[in-house]
Amino acid sequence: MKNALLPWLQGTNPNSLKYDTVWGGVCSTEGLKDITADFGQGYYNDHHFHYGYHLYAYAVIAREDPGWVFSHFNAILDLVRDIANPSPEDTYFTPFRHMDWFHGHSWGSGLFVFTDSNNQESTSEAVNAWYSVYLLGVALGDNNLKHVGQVLLATEIRSTHKYYHIPSTSTVYDPIFAQNKIVGILWETKVDYATWFGLNVEYIHCIQMLPFTPITEVLLPASYVKEEYPILAPALNGNIQEGWKGFVHMDHAIINKDQAWVEVQRLRSYDEGNSATNTYWWVATRPRFNMDNSTKDTFPKDNQCFFFKWFSAVTLVTFASTFFYHLCKRFY
């Protein structure tokens, strides 16, 4: 994994990352040439989504070999500064590029102008970005970095529960929309039950779940999934791709781990940002949920899900490798 990551830090890989002196940020070479390339990278679209996968991988390495990370720390910190810079005195990067502290969540749309203003699709990838900043701080013993990640993470999750998840107790949306149980794209002036890449139910729901990591159990409380999963489950009866099917089963595991364990045994392949190891780990470690009368969610009392305690080194590397592979596929 170090060999795969090093060219990104040294700028020797194809489509390398460059500093943009116009807006002050790190962008892909192709993105700076063409604003439509790499999901709008050159126009600062989804930077927190993209770099979150990188930072997760660096956090994994830092846990086992902090010296390697410290030897490339300036380049790694530039990615953090691009998406989570806390200092208005930093003359190279704007503070908190994606986070809107008034709204309480991130926007993904960068410099692109839309009639309905800013928007964000995948809250779970935003959560992954802030979780990765936090984990990097934990692994390196950097309390400032850790605390920045914590604040961003807690804020994003709280607003996801408020504005993207629609449990029966929510009063945010009218019933005709609330029956969907989830928002696909949140804009400043509207909401869509859709994604940028399709209208399939599994796309709309699962783009708010992936990637599945320990923080996902805080993002997706069982009491909510109990209401949401019945809306998602019928997608399994259609022409659903194996990668998305895996995410549906992982969602199911939150409320019925035994049935989900049977379901994942039948998977033939996995999404590029997932793996067999990750899928089986997730299902096997879910607490059992009482579908009949439970209204509370079961988490470790000491919030171990925020830390590395749940991971073996092998599992960490598997997570980071699959996520990094997913990012490379998006850029190449």
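The values are calculated or read from the model by the stated rules, or taken from the named source; none is laboratory data. Everything quoted here is computed from the prediction, not taken from an experiment. Counting neighbours? That spans all protein chains shown, and the Cβs are built from the backbone with ideal geometry, glycine included. Just the protein is used for accessible areas: all its heavy atoms, side chains included, with ligands, DNA and RNA removed. Shrake-Rupley method; radii C 1.70, N 1.55, O 1.52, S 1.80 Å.
Values computed for the structure shown
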item	result
Euclidean distance between Cα centres, the range 226-293 to the range 1-71, Å	31 Å
Heavy-atom accessible surface of the chain: percent carbon and sulfur, 1.4 Å	54 percent
Given Lys226/Lys257; Lys18/Lys146; Lys181/Lys257, the pairs whose alpha carbons are separated by over 18 Å	Lys18/Lys146; Lys181/Lys257
Cleavage-rule hits (trypsin sites (Lys or Arg not before Pro)) in the range 163-237: DSSP loop, at most 12 neighbouring Cβ within 10 angstrom	Lys190
GNM flexibility winner over the chain from Val262, Val69, Val201 (Cα, springs under 10 Å)	Val262
Contact order normalised by residue count of the chain, Cα under 8 Å, 6+ apart, percent	15 percent
Chymotrypsin sites (Phe, Trp or Tyr not before Pro) restricted to the range 83-172 and DSSP loop, no more than 11 other C-beta within 10 Å	Trp101, Phe102, Phe114
Computed label-point distance, nm, for sites Ser71 and Ala194 using a 7 Å Cα→Cβ extension	5.0 nm
DSSP-loop GluC sites (Glu not before Pro) across the range 84-174, with at most 13 other Cβ within 10 angstrom	Glu89
Probe 1.4 Å, protein heavy atoms only - accessible area per residue of the range 62-186 in square angstrom	43 Å²
Calculated on alpha-carbon atoms, Rg and Dmax of the range 1-135 in Å	14.6, 48
Listed residues Val172, Val218, Val138, most fluctuating in the chain (Gaussian network, C-alpha, under 10 Å)	Val172
Net lengthening on full extension, Asp20/Arg268 (0.36 nm per residue, minus Cα-Cα)	85.1 nm
The range 155-239: C-alpha gyration tensor shape, a/c 1.5 cut-off, then a/b vs b/c	rounded
FRET efficiency estimate (nearest 0.05) - Cβ-Cβ, Tyr92 to Phe114, R0 35 angstrom	0.80
